[in-house]
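Here's the structure, in structure tokens; my notes come after.
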Amino acid sequence: MGHKVLVIGGGGREHALAWRLAGSPSVAEVATAPGNPGTAELGPTLPVDVADPVAIADLAERQRCDLVVIGPEAPLVAGAVDELSRRSIPAFGPTASGAHIEGSKAFAKEVMVAAGAPTGGYLATADRDAAFAALESFAAPYVVKADGLAAGKGVRICADLTEARDAVDDALVRQAFGDAGAMVVIEEFLHGPERSVFGVCDGTNVALLAPAQDYKRALDGDGGLNTGGMGAYTPVPGFGLADVGHLEELIFRPVLRELADRGTPYRGLLYAGLVETDAGPKLLEFNARFGDPETQAILPRLASDLGELLWASATGSVDNVEVSWHDRAVVTVVLASGGYPGSYPTGVPIAGVAAADAVDGVTVFHAGTATDDQGRLVTAGGRVLGVTAAGTNVEAARSTAYDAADRISFDGLHRRSDIAAGL
Ligand code: GLY
């Protein structure tokens, strides 16, 4: 008998997780909460307030779930895994104290340094004068971050000291980020390409996943505003599994040891954001959950059983799980609402998803979609769909992904045209 798995969340990442779990031999049934019209094709979708740990645990109990997989950071930071553990329900994801590595940039830096993992210099402070003094010891460009979760808006890269002081005042004086900006982190700017590596952790051991490259800016050529991610591809030339193996000893195991020593063993997905500097990889940040849309690109390459891997993270040793990969490339192109990442309309009818899904090698992951009262598929978020295609190499996957994406239309649709181009 396979496991009954409940996936918490309703974005593209959660659709990809539910899709891969539904194809896992160890999984009998996948429900999502709240899910979306894409996950509804895989199993039940159940209403839940994802910010409410008690509601999540009540739902898991009512549904008699064997495993709860938490997608987004908000329920993790709110303590969903703590509540599930109290009720002895296995959960994939860190406790609230583990998720603090994403919830507090100052805490993440403290852990990196204590673990001896490579990272840039920094100062974390709630004091304006101390922040101004610290800025003098760094060079341009200056990096000023709000300590807490600020919906992706809390990071400023500043060309000069005037701008950097203004960024400090934004957080500490004008309180532009509320409590999330009660402390600022001033960091050394790291020069080099940004990469990310995902590790599935069980408190001690880690299974590294094949890396994907995402595209954070809204416009072609990395122009425009920062977004949650406009596309992704894998494998990344020069940054495949063989190239990141050494990061297990350099970053992941020391960080896991440090967190365990603090009495908060880390289970779940550890997302290491790093910069490949001339002096080697240096950590930029941690996230406590899978990346979105990287997950949509990575999971179609996973040949082994995702359910078994996530179960091992929650309950046992990931070291006992064989993780294997298909020898193929995957490209995900995000279709976004007009105006994203600024304000955008919702309820806009979407056409062509079935036609895109029918293209050989293509899966369309839903992110910001809903079904309206007339039964039509409509937009319901900034990032609407992730058109994902597999191919024998990145160029073939890219060509198929754009061919499929061209079959989808909605008013205001915006996408980058250079995902996985020119590698
Ligand atoms: N795509 C970046 C992230 O998930 O944080």
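Residue check: is Leu269 modelled with pLDDT of 95 or more and under 16 Å from Glu102 (Cβ atoms)?
When the stated conditions are applied, Leu269 passes them.
Restricting attention to region 199-214, which residues are within 14 Å of the ligand (Cβ to nearest atom) and touching a helix residue (DSSP H, G or I) at 6+ places or on another chain (Cβ under 7 Å)?
Within region 199-214, Leu209, Pro211, Ala212, Asp214 qualify.
Confirm whether Ser409 is closer than 20 Å to Leu225 by Cα and modelled with pLDDT of 95 or more.
no
Do any residues in region 260-287 that are on the phi > 0 side of the Ramachandran plot and in contact (Cβ under 8 Å) with a residue 40 or more places away in the chain have Cβ atoms under 8 Å from those of residues that are assigned to a strand (DSSP E or B) and of a type in the set (A, V, I, L, M), where the two are at least six apart or on different chains, and which pairs are they?
Gly268/Ile70; Gly268/Val200
Can you tell me which residue in region 222-250 is nearest to Leu283 (Cα to Cα), limited to those that are crowded, with 23+ Cβ neighbours inside 10 Å and more than 16 Å from the ligand (Cβ to nearest atom)?
Selected residue: Val244.
So, in region 1-27, of the ones that are small (Gly, Ala, Ser) and closer than 20 Å to Val323 by Cα, which residue ends up farthest from the chain's Cα centre (by Cα)?
Out of the qualifying residues, it is Gly2.
Taking the criterion of being within 16 Å of the ligand (Cβ to nearest atom) and more than 30 Å from Asp360 (Cβ to Cβ), would at least one residue in region 303-324 satisfy it?
The answer is no, given that none of the residues of region 303-324 is within 16 Å of the ligand (Cβ to nearest atom) and more than 30 Å from Asp360 (Cβ to Cβ).
Filter region 1-20 for residues that are under 13 Å from Leu59 (Cβ atoms) and surrounded by fewer than 24 Cβ atoms within 10 Å (Cβ to Cβ) and give the result.
The one that is under 13 Å from Leu59 (Cβ atoms) and surrounded by fewer than 24 Cβ atoms within 10 Å (Cβ to Cβ): Lys4.
Has region 79-89 got any residue that is surrounded by fewer than 20 Cβ atoms within 10 Å (Cβ to Cβ) and among the hydrophobic types (A, V, I, L, M, F, W, C)?
no
Pull out all pairs, ordered by first then second residue, where Cβ-Cβ is under 6 Å, the residues are six or more apart or on different chains, the first lies in region 7-21 and is farther than 13 Å from Gly381 by Cβ, and the second is assigned to a loop (DSSP other than H, G, I, E, B).
Sorted first by the residue in region 7-21, then by its partner, the pairs are Ile8/Val50; Ile8/Gly71; Ala18/Leu42.
Give me the pairs, please: first residue somewhere in region 289-301 and within 19 Å of Asn393 (Cβ to Cβ), second residue anywhere and at pLDDT 95 or above and part of a helix (DSSP H, G or I), beta-carbon distance under 6 Å, and either six or more positions apart or on two chains.
Gln296/Gly12; Gln296/Ala16; Leu299/Ala16; Leu299/Arg20
Looking at (1) surrounded by fewer than 18 Cβ atoms within 10 Å (Cβ to Cβ); (2) in a loop (DSSP other than H, G, I, E, B); (3) within 16 Å of the ligand (Cβ to nearest atom), can you tell me which one Gly291 breaks?
It is condition (1) that Gly291 fails.
Residues checked against (1) away from the ligand (no atom under 16 Å from the Cβ); (2) farther than 17 Å from Val113 by Cβ:
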| position | (1), (2) |
| --- | --- |
| Asp220 | yes, yes |
| Phe252 | yes, no |
| Gly268 | no, yes |
| Gly273 | no, no |
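Pick out the one residue from Thr45, Thr95 that is under 23 Å from Val387 (Cα atoms) and either more than 16 Å from the ligand (Cβ to nearest atom) or out of contact with any Ser or Thr (no Cβ under 9 Å at 6 or more places or on another chain) (or both).
Of the residues listed, the single one that is under 23 Å from Val387 (Cα atoms) and either more than 16 Å from the ligand (Cβ to nearest atom) or out of contact with any Ser or Thr (no Cβ under 9 Å at 6 or more places or on another chain) (or both) is Thr45.
For region 382-416, which positions are assigned to a strand (DSSP E or B) and basic (Lys, Arg)?
Arg383
Only residues in region 185-203 that are touching a residue at least 24 places away in the same chain (Cβ under 8 Å) and within 28 Å of Asp166 (Cβ to Cβ) count as the first member; pair them with residues that are within 15 Å of the ligand (Cβ to nearest atom) and among the β-branched types (Val, Ile, Thr), Cβ under 6 angstrom, at least 6 apart or cross-chain, and list the lot.
Leu190/Val275; Gly192/Val275; Glu194/Val275
The values are calculated or read from the model by the stated rules, or taken from the named source; none is laboratory data. Note that the structure is a prediction, hence the values are computed from the model and not measured. All Cβ positions, even for glycine, are placed from backbone atoms using ideal geometry, and neighbour counts span all protein chains on display.
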